[in-house]
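S.K.: Can you keep this structure in mind? I'll have questions shortly.
No lab work stands behind these numbers, since they all come straight from the coordinates. Bear in mind the structure is a predicted one, so any value in this text is a computation, not a measurement. Because the Cβ atoms are built from the backbone with ideal geometry, glycine has one as well, and the counts that use them run over all protein chains shown.
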Amino acid sequence: MKIKEVLQFLESKFPLQWQEDFDNSGMQCGDKEREITGAVVCFEFSDAVLEEAIQLNANLIVAHHPLIFGGGLKKIEPTDRVGRMVCKAIENRLVLYSMHTNVDSGVGGGNDAFAQKLNLQNARVLDPKTVEGEYNGLVGLGKVGELPQPMNVTDFVAYVKDCLGLQVVKYSGDIHRPVKTVAVCGGAGSSLIRQAMCSGADAYVTGDVRYHDFFIPDNQMLIVDVGHFEGEHFIKDILYAELKENFSNFAIHFSKMDKFDILYA
């Protein structure tokens, strides 16, 4: 089986047309015409993950975040993180492939999983994207739904931490406001704060909220910042499951080297 056949399957589940305009999902580098020898699934490309794939004789790495993203890349040299990994991938005949906002937005994708982790009922798309076919209205960033029962803010924050396995979160808003309707967006979701307010959400759970963005709701909606990684790392579980359930003729590995530790003191 050729690598391109595996990629075609992934794109049938989460088409590249579903990605955001700023994104660079899909091929990062490599020759997809090669016969596949194995696949490694990770959240983030790293030198350690590339070395792991080489040791496992896997020539396809599927990650959530793109390696080549913005910045107007003009040259590739092994003098920085991106160039070093692209050179190493090509030297070792690896294909690097990203499933980013097409999975975030997709049916059964990252934000669906986020909503399920909080047990939101009647979940619908927060920021729908116009797409052709049966999924029109079902694709887009974020989700909004209802909790099984209303909670006060203190209980809700504890509930979010428990559902996501977190020790700490940041939050701001009217702490006396009951929470029933909740919007979520994995990753960096500051750009959807106003959409969350318009959806009628009592609380918006996302990551990478900038200081001044906490002021946007003017105490009309609670914002809970769980972190970028913390709100979407489970996407690699989705990608792994799709490959494992549909391919049995090559080895599929969960990366054991997919680590990027941010320490808190």
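S.K.: From the set of residues in the range 60-80 that are assigned to a loop (DSSP other than H, G, I, E, B) and touching a strand residue (DSSP E or B) at 6+ places or on another chain (Cβ under 6 Å), which is surrounded by the fewest Cβ atoms within 10 Å (Cβ to Cβ)? Quick ask: steps written out before the conclusion?
M.R.: Quick first cut of the range 60-80, residues assigned to a loop (DSSP other than H, G, I, E, B) only: 64-80.
The next check asks that each one be touching a strand residue (DSSP E or B) at 6+ places or on another chain (Cβ under 6 Å); those that pass are 66-68.
Values: P66: 23, L67: 20, I68: 18.
Result: I68.
S.K.: Does R34 count as basic (K, R), more than 21 Å from E230 (Cβ to Cβ) and under 23 Å from the mean Cα position of the chain (by Cα)? Quick ask: steps written out before the conclusion?
M.R.: Details: basic (K, R): yes; more than 21 Å from E230 (Cβ to Cβ): yes; under 23 Å from the mean Cα position of the chain (by Cα): no.
For R34, the condition - basic (K, R), more than 21 Å from E230 (Cβ to Cβ) and under 23 Å from the mean Cα position of the chain (by Cα) - is not met.
S.K.: Another question, then. Within the range 124-146, can you find the residues that are more than 18 Å from the chain's Cα centre (by Cα) and either within 14 Å of G106 (Cβ to Cβ) or surrounded by fewer than 20 Cβ atoms within 10 Å (Cβ to Cβ) (or both)? Let's see the steps before the verdict.
M.R.: Filtering the range 124-146 for residues more than 18 Å from the chain's Cα centre (by Cα) gives 130-137, 145-146.
Residues satisfying the conditions are T130, V131, E132, G133, E134, Y135, N136, G137, E146.
S.K.: Something else about it: Within the range 1-29, work out how many residues are among the small types (G, A, S), under 24 Å from D258 (Cα atoms) and out of contact with any Phe, Trp or Tyr (no Cβ under 8 Å at 6 or more places or on another chain). Working first, answer last.
M.R.: Step one: list which residues in the range 1-29 are among the small types (G, A, S), which gives 12, 25-26.
Cutting the leftovers down to under 24 Å from D258 (Cα atoms) gives us 25-26.
Remaining after also requiring out of contact with any Phe, Trp or Tyr (no Cβ under 8 Å at 6 or more places or on another chain): 25.
Final tally of qualifying residues: 1.
S.K.: Within the range 101-118, identify whether any single residue is farther than 30 Å from K180 by Cα and either outside any strand (DSSP E or B) or touching a residue at least 12 places away in the same chain (Cβ under 8 Å) (or both), and answer yes or no.
M.R.: The initial filter retains those residues of the range 101-118 that are farther than 30 Å from K180 by Cα, namely none.
Taking every residue of the range 101-118 in turn, none turns out to be farther than 30 Å from K180 by Cα and either outside any strand (DSSP E or B) or touching a residue at least 12 places away in the same chain (Cβ under 8 Å) (or both).
S.K.: Taking the range 151-188, which residues are among the charged types (D, E, K, R) and part of a helix (DSSP H, G or I)?
M.R.: Within the range 151-188, the subset among the charged types (D, E, K, R) is 155, 161-162, 170, 174, 177, 180.
If the condition is that a residue be among the charged types (D, E, K, R) and part of a helix (DSSP H, G or I), then D155, K161, D162 are the ones that fit.
S.K.: Which numbered condition in (1) assigned to a loop (DSSP other than H, G, I, E, B); (2) within 18 Å of M221 (Cα to Cα); (3) of a type outside the set (V, I, T) is the only one that K143 fails?
M.R.: Result: K143 passes all but (1).
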